[in-house]
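Before any comments, here is the structure.
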Amino acid sequence: MNVLDAIFTRRSIRKFTGEPIKDEDLKLILKAGFQAPSAHNYEPREYIVVRDREVLDKIADFHQYAKMLPNAGCGIVVCGDTSKQEDMGFLVEDCSASIQNMLLAAHGLGLGAVWCGLYSRQHLVDAMSETLNLPGNIIPIGLVVVGVKEHDKDPKDRYNEEKIHYDKW
Ligand SMILES: Cc1cc2nc3c(=O)[nH]c(=O)nc-3n(C[C@H](O)[C@H](O)[C@H](O)COP(=O)(O)O)c2cc1C
């Protein structure tokens with residue numbers, strides 16, 4: 001799939017068959033995450049691949065909008081390392097760029113994926129940190145849920161000329 005096709009046809013997929021995803025696909029998705037740009041090229045991202053059904057269920061219990069997790073192939077928690085820069089710096093942007101790359105990679109591989117937000121909902125950050133035993137400098141920013149999709153979703157054209165401003169507002 002070329003990059004523009006991937007961008008224009010990707011949708012959030014929340015219904016999965018429950019089948020596992022192949023190790024080589026998972027590796028490609030993770031590699032796509034690593035390829036994302038990061039501010040100052042600090043690469044402050046860490047990835048936690050969650051495949052343990054018990055842990056997936058536990059996350060679905062505390063995350064109101066991640067109830068699709070138990071049927072997914074895995075969840076990838078993208079975390080920022082505050083020890084790599086001052087405070088939060090550009091951690092959110094760096095992790096978000098990785099997440100978007102992973103969503104597109106999953107789509108390109110014919111898999112379904114959805115981004116579930118964590119930061120800056122403190123109760124989700126705290127619950128995820130406790131569940132995954134994260135050290136204090138590792139902040140969970142977002143969760144990418146990946147799986148074998150139950151069905152395709154039609155692309156949506158969201159282009160809106162009214163929201164584009166040239167040279168000034
Ligand atoms: C920061 C962020 C957090 C999101 N959190 C959730 C979530 O917790 N659960 C979920 O099902 N979808 C979540 N989404 C996915 C959005 O709901 C989805 O991208 C949006 O409805 C547009 O649909 P599309 O991705 O199919 O184009 C999140 C997206 C972003 C960017």
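Bear in mind these aren't lab numbers, they're just calculated from the coordinates by the rules spelled out. It should be emphasised that the depicted structure is a prediction, and the values quoted were computed from it without experimental measurement. Every residue, glycine as well, gets a Cβ built from its backbone with ideal geometry; the counts of neighbours run over all protein chains shown.
Only one residue in VAL145, VAL114 is under 27 Å from LYS22 (Cα atoms), touching a Ser or Thr at 6+ places or on another chain (Cβ under 6 Å) and within 10 Å of the ligand (Cβ to nearest atom), so which one is that?
The match here is VAL114.
Being crowded, with 18+ Cβ neighbours inside 10 Å, in contact with a strand residue (DSSP E or B) (Cβ under 6 Å, 6 or more places away or on another chain) and under 21 Å from LYS149 (Cβ atoms), is that true of even one residue in region 80-92?
For region 80-92, residues crowded, with 18+ Cβ neighbours inside 10 Å, in contact with a strand residue (DSSP E or B) (Cβ under 6 Å, 6 or more places away or on another chain) and under 21 Å from LYS149 (Cβ atoms): absent.
Among the residues of region 1-54, how many are among the β-branched types (Val, Ile, Thr) and over 15 Å from LEU111 (Cα atoms)?
Count: 4.
Would you check if there is a residue in region 119-141 being of a type in the set (Asp, Glu), buried (at least 18 other Cβ atoms within 10 Å of the Cβ) and either closer than 22 Å to PHE62 by Cβ or in contact (Cβ under 8 Å) with a residue 40 or more places away in the chain (or both)?
no
From ALA113, ALA127, which residue is assigned to a strand (DSSP E or B), of a type outside the set (Val, Ile, Thr) and in contact with a His (Cβ under 9 Å, 6 or more places away or on another chain)?
ALA113
Being among the β-branched types (Val, Ile, Thr), in contact with an Asp or Glu (Cβ under 8 Å, 6 or more places away or on another chain) and either closer than 20 Å to ALA66 by Cβ or away from the ligand (no atom under 12 Å from the Cβ) (or both) narrows it down to one of ILE138, ILE99, so name that one.
That would be ILE138, the only listed residue that is among the β-branched types (Val, Ile, Thr), in contact with an Asp or Glu (Cβ under 8 Å, 6 or more places away or on another chain) and either closer than 20 Å to ALA66 by Cβ or away from the ligand (no atom under 12 Å from the Cβ) (or both).
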